[in-house]
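These notes are about the structure you will find just below.
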Amino acid sequence: MAFKLLIIEDDNRMREIIVDYFRAKGFLVFEAKDGEEALDCLFQEQYDIAFLDIMMPHIDGFTVCRAIRSQSNMPVIFLTARSREDDMLFGYELGADDYITKPFSLPVLHAKALALIKRVKSTENVVYDFGGLSVSVKSRTVTAGGKTVN
């Protein structure tokens, strides 16, 4: 099964390099050139991971990350030129799984992406039982005594 990757990057050359590399590694790669396009993509499709730039036209990467986290546990890796510690900390506060500054190594990015995807996939079908209470991670449901709790 090929993993679905959404690359959200306004720099055409950078996006093309990442797309080519990850397609060669067997990923199904989708592209968004700005935050608005990214949000459209996120409402139309589910992805296994997203690479997200911060400085983009229309809607910045921090806002996109916030939107992703409001609806998904999909891994998010920031790929950005912004290397200030407060930007990194804010990215992690918003729920980013990693924060990588440009320039970066494509093989290292690939290894990090696979590790994150595998971690999330390994917990997707988990059901936690607490006495008569069950929580399904995948379906995001809670049941008590065999009945669904709203």
**OP:** Return the residue satisfying two criteria in turn: it lies in segment 2-32 and is part of a helix (DSSP H, G or I) and of a type outside the set (D, E, K, R), and of such residues it is farthest from SER105 (Cα to Cα).
**Re:** ASN12
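Conditions tested, residue by residue: (1) exposed (fewer than 15 other Cβ atoms within 10 Å of the Cβ); (2) without any contact (Cβ under 8 Å) to a residue 24 or more places away in the chain; (3) in contact with a Gly (Cβ under 6 Å, 6 or more places away or on another chain).
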| position | (1), (2), (3) |
| --- | --- |
| LYS4 | no, no, no |
| ILE7 | no, no, no |
| VAL29 | no, no, no |
| GLN46 | yes, no, no |
| ARG69 | yes, no, yes |
| VAL108 | yes, yes, no |
**OP:** For SER105, state whether it is small (Gly, Ala, Ser), modelled with pLDDT under 95 and out of contact with any strand residue (DSSP E or B) (no Cβ under 6 Å at 6 or more places or on another chain).
**Re:** no
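I'd like to know if segment 57-66 contains one or more residues that are within 18 Å of LEU116 (Cα to Cα), of a type outside the set (Val, Ile, Thr) and under 13 Å from the mean Cα position of the chain (by Cα).
Initially, segment 57-66 is screened for residues within 18 Å of LEU116 (Cα to Cα), giving 65.
This time we only want the ones that are of a type outside the set (Val, Ile, Thr), so: 65.
If we keep only those that are under 13 Å from the mean Cα position of the chain (by Cα) too, we end up with 65.
Among the residues of segment 57-66, at least one is within 18 Å of LEU116 (Cα to Cα), of a type outside the set (Val, Ile, Thr) and under 13 Å from the mean Cα position of the chain (by Cα), which makes the answer yes.
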**OP:** With the checklist (1) at pLDDT 95 or above; (2) out of contact with any Asp or Glu (no Cβ under 8 Å at 6 or more places or on another chain) in hand, flag the one item SER134 doesn't pass.
**Re:** (1)
**OP:** Go through the residues of segment 112-123 one by one and say whether even a single one is under 12 Å from the mean Cα position of the chain (by Cα) and within 30 Å of ALA144 (Cβ to Cβ).
**Re:** yes
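The values are calculated or read from the model by the stated rules, or taken from the named source; none is laboratory data. As the structure is a computational prediction, the values presented were derived from the model and not from experiment. Don't worry about glycine lacking a Cβ; one is built from the backbone with ideal geometry, like all the others, and counts go over all protein chains shown.
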